[in-house]
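The values are calculated or read from the model by the stated rules, or taken from the named source; none is laboratory data. Treat the numbers as computed from the prediction; the structure is a model and nothing was measured. Backbone-built Cβ (ideal geometry, glycine too); neighbour counts: all protein chains shown. Just so you know, the surface numbers come from the protein's heavy atoms only, side chains and all, with ligands and any DNA or RNA stripped out. Shrake-Rupley method; radii C 1.70, N 1.55, O 1.52, S 1.80 Å.
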Amino acid sequence: MEKQQKNIRIKDIALEAGVSVGTVDRVIHGRSGVSRTNQRKVEDILKRMNYHPNRVASALAANKRYTFVCLLPSHTKGDYWEEVERGMRKATQTFADFNVSLHTLYYDQYETQDFTDWMDFAALKPDGVILSPKGETGTVKLVKKLEEEKLPYVFIDSMIPSLSPLAFYGQHAHQSGFFAARILNLMEHACRELVIFRLLYEGQIGSNQQQEREKGFREYMHKNHPHVHLLELDLFAKQPEENKRLMDDFFEAHPTVTLGITFMSRAYLIGEYLQACDKKDFHLLGYDLLPRNVACLRSGHIDFLIAQQPFLQGYGSVDSLCQHLILKKEVKCHHYMPLSLISVENLDFYLEANTFNE
């Protein structure tokens, strides 16, 4: 590809096209007020000269401030979303010269409260929004308001297929479920039954990702291993004593079940139970490198974890808004995270390769 010529001035382009400097500037920045004839003349010269505006310099000179609002599930230290937020902070630091700030709001993913009940656009005045969808109905309602305000939005962690965000960062949940099913089959090829652990609150699964992963998992098992009996055990987000009783009862009723999976990030709820009971004959596959999950992986009470790089999801979500709003670049829509299978043998290598400093 021919390189852009150096020291091309807008004045030179205007002289060659026979138009004013202001007309060239309007064409370059996509503003209205230029006749079709003059626009074509200027565009032809720009193409011939391989001219590209210095978007970075233009953005810095504009000295505009950008506020991004992020909607995330409420969480505690060591949870999955902590690493997502770390990625967002890092991206905000990267674009600090462009006056980017991030305002984060938290919602309870197990409550039915609507996004729009407390999202005050007039007060926050965002230039863009990042959110982890919480159910299709509430998300559609919020997105409708964002689109009315002409605000770009980015989805993180889970996707609503009927909507069209500027970008999405997360795993392909359906394929992730397929992948997990294949791994479980390799772990115990002659398996006749296995248990799916789910996390509920008031009868609801709080994560779209959990639902889609399980859907993909069941489709794969039904098609390829229909003889395997899929059992279910529903645990509760805020009832640890009840969870222990439920697992006690389950393993007493199903002493021959030795294989299980959970599609939630809190795989440690099962792993720590197995460790406390010194239950060594059960094999578990879970998701995400939370510190407590990692501890269970090291102790042997979780066999494998599927990682999905939450730091990169957080970083990418802010980066996409900056590329679109500040640098005026085209942004790729779907950014699927790799399906990384982590065992105790490759854990430290993975952690070292994916370590980012604040």
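Quick check on this structure: which one of L146, L151, L163, L184 is open to solvent by less than 60 Å² (accessible area, probe 1.4 Å) and either among the basic types (K, R) or in contact (Cβ under 8 Å) with a residue 60 or more places away in the chain (or both)? Only one candidate qualifies: L184.
Restricting the stretch 188-204 to residues that are open to solvent by 30 Å² or more (accessible area, probe 1.4 Å) and touching a strand residue (DSSP E or B) at 6+ places or on another chain (Cβ under 6 Å) leaves a set whose member that is modelled with the lowest pLDDT is E188. Would you please name the residue that is modelled with the highest pLDDT, looking only at residues in the stretch 116-128 that are open to solvent by less than 30 Å² (accessible area, probe 1.4 Å) and under 16 Å from R65 (Cβ atoms)? Here the residue is G128. Checking each residue in the stretch 70-103 for being outside any helix (DSSP H, G or I), surrounded by fewer than 20 Cβ atoms within 10 Å (Cβ to Cβ) and β-branched (V, I, T) picks out only T76. The criterion of at least 2 residues that are within 15 Å of the chain's Cα centre (by Cα) and over 30 Å from F98 (Cβ atoms) is met, among strands (runs of 3 or more DSSP E) falling completely within the stretch 268-358, by 304-307. Take the conditions (1) under 22 Å from L305 (Cβ atoms); (2) of a type in the set (G, A, S); (3) open to solvent by 40 Å² or more (accessible area, probe 1.4 Å); A253 misses just one of them, which is (1). Restricting attention to the stretch 245-277, the residues that are closer than 20 Å to G78 by Cβ and not hydrophobic (A, V, I, L, M, F, W, C) add up to 8.
For the stretch 304-348, the set of residues classified as of a type in the set (D, E, K, R) and surrounded by fewer than 20 Cβ atoms within 10 Å (Cβ to Cβ) consists of K328, K329, E330, K332, E345, D348, listed by residue number. Does S207 meet the test of being buried (at least 17 other Cβ atoms within 10 Å of the Cβ), among the polar types (S, T, N, Q) and in contact with a helix residue (DSSP H, G or I) (Cβ under 8 Å, 6 or more places away or on another chain)? Criteria not met by S207. Of E232, E242, E212, E219, all but one fail to be buried (at least 16 other Cβ atoms within 10 Å of the Cβ), closer than 30 Å to E83 by Cβ, of a type in the set (D, E, K, R) and out of contact with any Asp or Glu (no Cβ under 9 Å at 6 or more places or on another chain); the exception is E212.
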